[in-house]
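The values are calculated or read from the model by the stated rules, or taken from the named source; none is laboratory data. This one's a predicted model, so the numbers in the text were calculated from it and none came from an experiment. Please note: Cβ atoms are built from the backbone with ideal geometry, for glycine as well, and neighbour counts cover all protein chains shown. Surface areas here come from the heavy atoms of the whole protein model, side chains and all, with no ligands, DNA or RNA. Shrake-Rupley method; radii C 1.70, N 1.55, O 1.52, S 1.80 Å.
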Amino acid sequence: MIDNIKVNVKNILEGIPENIMLVAAVKTQSAEKIISAIDAGIKILGENYIQEAEEMFKVVGKRVKWHFIGHLQKNKIKKAVNIFDMIETVDSIELAKNLDNKCADINRIMPILIEVNSAKELNKSGVFPEKIIDLIREISVFKHIKIAGLMTMGPVTENTEEIRPYFKLVKNLFDEILALKIDNIEMRYLSMGMSDSYQIAIQEGANIVRIGTKIFGARLYK
Ligand SMILES: *Cc1c(COP(=O)(O)O)cnc(C)c1O
């Protein structure tokens, strides 16, 4: 099991260009497994759950960077800003404002990505593509969070090629926003692609990929 994780991480790292940041999506995984992934070269952990992250942070600490990739509830923001180096899933002005307040309290500036609901799925988080520029302009005035790029999940499909148009759409948005040169925002990171779709995402311009299953095997939910 542990040996597999090391081989998986090495294979993924060897197969992607050096400028691509690999985030290990660690939800539900044990400390032992996560540490073996770190030993094999993982430098960023992606967590969906604050409580899990707190427990893992006690074990792993600052050896790696921490990205939040889940749905952030208001009552967990204070904890989140103490652990994470980037919040990848900001999709509303309310969340941005609350994050800004909590970051101001501890006097830090948090890099954030705006999550795009690229397939406009009603049951999913993320902002619709046509709303994103207005949202970014509104968020750009906050002093303690800084927009650093975009993130998207893409729709769940059997045929991963069907995700490509959604990745293309988000890359186009990324370029469009970059060209606007809005004050206090950067379009540096484009986080798209998971185990089944990261190669397609990289072809379409992603520079952060978030991979769980292909590193750790299938998740066992308790
Ligand atoms: C779980 C998760 C991933 C990784 O998914 P895999 O298919 O296991 O690679 C990526 N991004 C987010 C936001 C996730 O929740």
Single residue of 128, 142 found to be more than 14 Å from the ligand (Cβ to nearest atom) and farther than 23 Å from residue 210 by Cα: 142
Residue 2 within 16 Å of the ligand (Cβ to nearest atom) and farther than 19 Å from residue 194 by Cβ: no
Residues being touching a residue at least 40 places away in the same chain (Cβ under 8 Å) and assigned to a strand (DSSP E or B) - total across the range 113-128: 2
Hits in the range 129-166 - residues which are of a type in the set (Lys, Arg) and in contact (Cβ under 8 Å) with a residue 24 or more places away in the chain: 137, 143, 146, 164
Filter result (within 22 Å of residue 220 (Cβ to Cβ) and surrounded by 14 or more Cβ atoms within 10 Å (Cβ to Cβ)) within the range 3-21: 5, 6, 8, 9, 12
Residues that are under 11 Å from the mean Cα position of the chain (by Cα) and among the polar types (S, T, N, Q), drawn from the range 188-206: 191
Enumeration of residues in the range 22-56 that are open to solvent by 50 Å² or more (accessible area, probe 1.4 Å) and under 16 Å from residue 76 (Cβ atoms): 49, 51, 54, 55
Search result, residues across the range 135-152 that are more than 20 Å from the chain's Cα centre (by Cα) and not in a loop (DSSP other than H, G, I, E, B): 137, 138
Which listed residue, of 139, 93, 109, is open to solvent by 40 Å² or more (accessible area, probe 1.4 Å), among the aliphatic types (A, V, I, L, M) and in contact with a helix residue (DSSP H, G or I) (Cβ under 6 Å, 6 or more places away or on another chain): 93
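Against the condition within 16 Å of the ligand (Cβ to nearest atom) and either closer than 23 Å to residue 168 by Cβ or at pLDDT 95 or above (or both), how does residue 110 come out, does it pass?
no
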